[in-house]
Structures are given as structure tokens and as C-alpha cells.
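Notes for the one structure printed next.
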Amino acid sequence: MALDTFQLSQADSRPMYVQIMDHIKQLVIEGTWPAGHGLPSIRELAVSVQVSVITVKRAYQELEGAGIIYTRQGMGSFVAEQTGAVSEFKLRELDDTLQQAAATARLLKLSDSELIERLTAVLNNKSTGEG
Amino acid sequence: MVADSDVLVSMRGVCKHYPLFTMDNFNLTLPRGQVLGMVGPNGAGKSTLLKMMMGLVSADAGEIAVLGYKVPEQEVVLKHYAAYVSEDMRLFADYSIRWHMELVAQCFTSTWDASYAKHILHKFELNPEQKIGHLSLGQRVKATLLLAMARRPKLLVLDEPSTGLDPVARHELTSELFELMLNEDNGVIFSSQFTQDVERLSDNIAFIDNGEMISCLDKETYLDQWRRIQLTGGDRAQLPGDLYVTASAGGRVTAIDHAFSAKRTAQLSEAGFEVVQTQPLTLEEIFIQQVLMRRQARGVQR
């Protein structure tokens, strides 16, 4: 069950509710929680990750505000259809990965065109390794 | 029967005077399904508050209702549904944990949950045959908690429950409290010196000092509203009055902001300051700042 994978850290500088939000976003992006998937009740999640109810409530409210989940009175919260907010989050993640790739390329003193070449090779599903 | 109410604890205009302690017109509400953590320096009045709630100390004035029962008038019925644990609770040194469990089970036949008692016994690694007098401080705290929790109380009132417990035992205690809160009719009110425990467990946190409630907010609001701001430039006289300067040296001022929002940065740059850095405060820092700011304000008045 996905609840067991929630690991919050008190050493993490992000507030607890942000950690919960990021975790749920991740599950949505991975597709572990597809559109329409029912989220655990606020109380269930609070007890399971051992934070106060109000912290989980805050995370759900913000996710709802961002259009990532929606709440039906008396039925609980559900993952919304693929939304702008999630794709924006995905794009930011992609940018981070690309930035890392660019930094590695600089380290290896690859030229921009060499890096783009390698990316094109990946896109064409070719091996980038030797041979 | 427990009165049907969305409020578990209600204190209105409560007053209590001791020779060197004054509590005037104190108000407090604990809604159903919530955990309230109380933080305050020694002598702030936390234990007195909890004792008044349970009818162990009588208020000089004001109204107290717990689980819908008037305190102290209906205190006896209340005690079937509310459990209280404090560090000065006396158990019988010559008798075993099991003997105490049987005693409490006989007093609270309708609510005592024997299998849950066994579960906690196991979890807290207590040996039921051990005599209370032979237990360590931590074990004794665990034993009193066991006796309270196995009654499946609707309201659990804990005065410094984690004092004397090692970090592992504190963790075990908090996870048991979370189990209790799975039932959304239940509530917990507790005082603690460990802001970390309070921070994790509580929906609302009450800061108490000198018999007064300084503030009672949810944790996220505290963390949102408080910042440490470092400034350069500008004229000290132009600093917004609600900022509390903690240090200034070499043209750099450090101030505590208790009403932070995005507007603050704009307000400061309009006044000619440059904001070098803003840092969030921990709950413990927020609490200490609040007490210090109040003490300074009182000092100024005198």
C-alpha cells in the first residue's frame, strides 16, 4: 500500500505539509495514483505518517487549490484528471534533470552541439555508449 | 452517556488565585477529534489548568465543561470517559502492574479493554508481574499511561507525559496517541516540555505563560507568521513598530517578525531597508521569543 511509502523527515527543511504534498504529487506523476484514485482519509493518513490531522488537511487543501486533487463532500478526496499543475511540476523536474545533464557535460568539456547530439541519440533510442 | 457535542473541553472565564499565581478570565476550547498541545515555562499554570479540567482543583470562578459534563458538579461521571495522567500520580509501590490493571478494570468495567491493555503492555515492554517500586521512572510513566489508555477514554488529559521517557519510549508513546486519534470522536490535551512532540502531535498549540494564554494557533500558522529578518540600510526609527529587534551591529539589524507576509518585504524596502535574509523559526524559537517579548513589555511597564 502506498501509505507505507510515506516517509516524512523532521530533518528535512521543507514543512511537513509540503513533504506530504510532494509525496502525493510524486505518486500522481508516477501513475501509482491515477486520475479518480481515492486518497486516504485525512485522519487515516495523519495516523499512518504520524503527523497531526491539521497538517494533512493543509496539504490536501493546497493540492486541491492547485487542481491536483478534488474533494467530494462525504466521499473523500480523489486524484483529478491530468492537470496543468501536475504537468508544470513534471516540467520542473525535467528541467532539473536537464540542468544536471548540462553540468555533467560542462565537467566533461563537451560542446553544446555534442550534448545535443547525445540527447538526439537518446531520443532516437540509440545507444549512447561505446559501440 | 456522553453528551453529544462537538466540543470536548470548554473553559470560560476561569479564574484561579494562589499566593504567587494569578489566572484571570481564562478561555480554552478543544473541538472533537483534535489534539491540543500546551507549552509553557515552569509555573505557567499548565498543570493547574489540566487539574481544573478534571475537577482535581476547583476554579475560583468561571465555567468548565468537559465532554459536555459540568465540572466539578458532574466530575464523577466524567471520569468514566476521560482519563488523566500526570507525573505525580501515585501507584502502590508494593503491588505489581497486573494488580493495578485488575484494580482499574474493576473500577471501569464498561470501558476497560483487556486486549488493548495486553497490546500496550507488549509494546511498552512492561512485565506485568513487576512491582511498581521496582520500576524505573520511564517504566512507571509507561505503566500509568497503560492504565489510562486501556480505558479507551474519549478524552485523554496528559500532564507532561514524555518527561522521564527516553527517545524510543517517547516515540512509542506518540504512536499510541496517534492510534487513539484514529477515532475522530476522541481528543487529547497534553502539556509538554518537548516542543518536538507537541509539534508532531498537536493540531493546535497553546503557549501559556504566567497564567495567561499568549496564543493558541495551529502549527502551520505559527510557522507561516514568524520570521527572523536581517536588514541593512534605512533608518532604525523607520522600522515598523511590530518588529522586535534582537541584534544590531555594523549597520545590520536582526529582527523578529510575528506577522510575516509577502507585504512585509515591500513595506521594508519602501521604508528604505534592504532585506538581506528571511529565515523561518522553529516552534521552540517562536515560543521562547513570545515569552521574552512579553517579559520585556512587562518590564517596560513597571
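The values are calculated or read from the model by the stated rules, or taken from the named source; none is laboratory data. In this text, all values refer to a predicted model and were calculated from it rather than measured experimentally. Here Cβ is always computed from backbone atoms with ideal geometry, including for glycine, and neighbour counts include all displayed protein chains.
Looking at this structure, is B:VAL39 modelled with pLDDT of 95 or more, among the β-branched types (Val, Ile, Thr) and under 15 Å from the mean Cα position of the chain (by Cα)? Judged against the criteria, B:VAL39 is not a match. Of all residues in the range B:212-221, those satisfying the criterion of being surrounded by fewer than 21 Cβ atoms within 10 Å (Cβ to Cβ) and either among the hydroxyl-bearing types (Ser, Thr, Tyr) or touching a residue at least 40 places away in the same chain (Cβ under 8 Å) (or both) are B:GLU212, B:MET213, B:ILE214, B:SER215, B:CYS216, B:THR221.
Let's see how each residue does on (1) surrounded by 19 or more Cβ atoms within 10 Å (Cβ to Cβ); (2) among the aliphatic types (A, V, I, L, M); (3) assigned by TED's automatic domain parsing to the domain that holds B:GLY33; (4) closer than 20 Å to B:ASP88 by Cβ:
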site: B:HIS134; (1), (2), (3), (4): no, no, yes, yes
site: B:THR144; (1), (2), (3), (4): yes, no, yes, yes
site: B:SER162; (1), (2), (3), (4): yes, no, yes, yes
site: B:MET181; (1), (2), (3), (4): yes, yes, yes, no
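Among the residues of the range A:59-69, write down those that are over 15 Å from A:SER41 (Cβ atoms) and either touching a helix residue (DSSP H, G or I) at 6+ places or on another chain (Cβ under 7 Å) or hydroxyl-bearing (Ser, Thr, Tyr) (or both). Let's see the steps before the verdict.
From the range A:59-69, those over 15 Å from A:SER41 (Cβ atoms) are A:62, A:65-68; that's our starting set.
Those that are over 15 Å from A:SER41 (Cβ atoms) and either touching a helix residue (DSSP H, G or I) at 6+ places or on another chain (Cβ under 7 Å) or hydroxyl-bearing (Ser, Thr, Tyr) (or both): A:GLU62, A:ALA66, A:GLY67, A:ILE68.
Test B:ARG227 against the stated conditions and say whether it is surrounded by 14 or more Cβ atoms within 10 Å (Cβ to Cβ) and not β-branched (Val, Ile, Thr). It is true that B:ARG227 is surrounded by 14 or more Cβ atoms within 10 Å (Cβ to Cβ) and not β-branched (Val, Ile, Thr). Annotation note: of B:SER192, B:SER110, the sole residue that is under 25 Å from B:SER47 (Cβ atoms) and not β-branched (Val, Ile, Thr) is B:SER192.
Suppose the filter is more than 9 Å from chain A (Cβ to nearest Cβ) and of a type in the set (Lys, Arg); does B:ARG152 pass it? Yes: the conditions hold for B:ARG152. The conditions of being out of contact with any Cys (no Cβ under 7 Å at 6 or more places or on another chain), under 20 Å from A:GLN50 (Cβ atoms) and within 14 Å of chain A (Cβ to nearest Cβ) are not met by B:LEU217. Just one of the listed residues (A:ASP22, A:ASP12) is of a type outside the set (Ser, Thr, Tyr), within 14 Å of chain B (Cβ to nearest Cβ), more than 22 Å from B:GLU184 (Cα to Cα) and under 17 Å from the mean Cα position of the chain (by Cα), namely A:ASP12.
Within the range A:39-67, which residues are outside any helix (DSSP H, G or I), away from every other protein chain (no Cβ under 14 Å) and at pLDDT 90 or above?
At the first step, the residues of the range A:39-67 found to be outside any helix (DSSP H, G or I) are A:39-41, A:50-52, A:66-67.
Within this subset, residues satisfying the condition of being away from every other protein chain (no Cβ under 14 Å) are A:39, A:66-67.
The one that is outside any helix (DSSP H, G or I), away from every other protein chain (no Cβ under 14 Å) and at pLDDT 90 or above: A:LEU39.
Considering only residues in the range B:102-118 that are under 16 Å from B:LEU173 (Cα atoms) and either under 26 Å from the mean Cα position of the chain (by Cα) or in contact (Cβ under 8 Å) with a residue 60 or more places away in the chain (or both), the one that is surrounded by the fewest Cβ atoms within 10 Å (Cβ to Cβ) turns out to be B:TYR116. The one condition from (1) within 28 Å of B:LEU36 (Cα to Cα); (2) touching a residue at least 40 places away in the same chain (Cβ under 8 Å) that A:MET75 does not meet is (2). Search the range B:74-101 for residues being among the basic types (Lys, Arg) and touching a residue at least 24 places away in the same chain (Cβ under 8 Å), and hand back the single one that is nearest to B:ALA114 (Cα to Cα). Here the residue is B:ARG98. Could you list all residues from the range B:174-213 that are of a type in the set (A, V, I, L, M) and assigned to a loop (DSSP other than H, G, I, E, B)? Scanning the range B:174-213 gives a single hit, B:LEU182. Of the strands (runs of 3 or more DSSP E) lying entirely inside the range B:1-112, the ones with 3 or more residues being within 23 Å of B:PHE194 (Cβ to Cβ) and away from chain A (no Cβ under 14 Å) are found at B:82-86.
Output the residue which, of all residues in the range B:184-211 that are more than 9 Å from chain A (Cβ to nearest Cβ) and over 28 Å from B:ARG295 (Cα atoms), is surrounded by the most Cβ atoms within 10 Å (Cβ to Cβ). If we take residues in the range B:184-211 being more than 9 Å from chain A (Cβ to nearest Cβ) and over 28 Å from B:ARG295 (Cα atoms), then B:GLY187 is surrounded by the most Cβ atoms within 10 Å (Cβ to Cβ).
The residue that is surrounded by the most Cβ atoms within 10 Å (Cβ to Cβ), among those in the range B:57-92 that are more than 13 Å from B:ALA148 (Cα to Cα) and hydroxyl-bearing (Ser, Thr, Tyr), is B:TYR69. Among the numbered conditions (1) under 28 Å from B:GLY37 (Cα atoms); (2) in contact (Cβ under 8 Å) with a residue 40 or more places away in the chain, the only one that A:VAL28 does not meet is (1).
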